[in-house]
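Here's the structure we're looking at; comments come further down.
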Amino acid sequence: MLDEFKKFIFKGNVVDLATGVIIGAAFGGIVKAFTDGIVQPLLGLVLGNVKPGEPVRLGIFDVGMVFSATLNFLIVAAVVFFLIVKPMNHIMSLMKAKEVAAPPPPPTPTEVLLTEIRDALKK
């Protein structure tokens, strides 16, 4: 049962899915910051609802919030890559190398008999 669990965990698609969920959560911050920092002020300018006193970095756009969220996303993505994806790829390559390096099992008596029949037919 432990071997089955290990095979399940080390499947590539399980790691990809977990990584995707983490990256998706971090990407949500970028989308929220883009909406709050650029789209809403633009709509406020068009509709005339700009509130004075709100921090604006570049004209009406709060680029600092978007930059901060993007930086947060890149940091999370780098941590996930270097602490989850990279080690998992290394473990997967080691597991595949073990499978390749393992000698083939000895032939069964049926395979030996079939090989002899094949060789006799070739002669």
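The values are calculated or read from the model by the stated rules, or taken from the named source; none is laboratory data. Everything numeric in this text was worked out from a predicted model, so none of it was measured. No Cβ is skipped: glycine too gets one built from the backbone with ideal geometry, and neighbour counts run over all protein chains shown.
Looking only at residues in segment 37-79 that are of a type in the set (Phe, Trp, Tyr) and either assigned to a helix (DSSP H, G or I) or exposed (fewer than 15 other Cβ atoms within 10 Å of the Cβ) (or both), the one that is modelled with the highest pLDDT is 73. All conditions in (1) more than 19 Å from residue 79 (Cα to Cα); (2) surrounded by 14 or more Cβ atoms within 10 Å (Cβ to Cβ); (3) not hydroxyl-bearing (Ser, Thr, Tyr) hold for residue 18, with the sole exception of (1). Residues in segment 31-46 that are in contact with a helix residue (DSSP H, G or I) (Cβ under 7 Å, 6 or more places away or on another chain) and either farther than 10 Å from residue 65 by Cα or of a type in the set (A, V, I, L, M) (or both): 33, 38.
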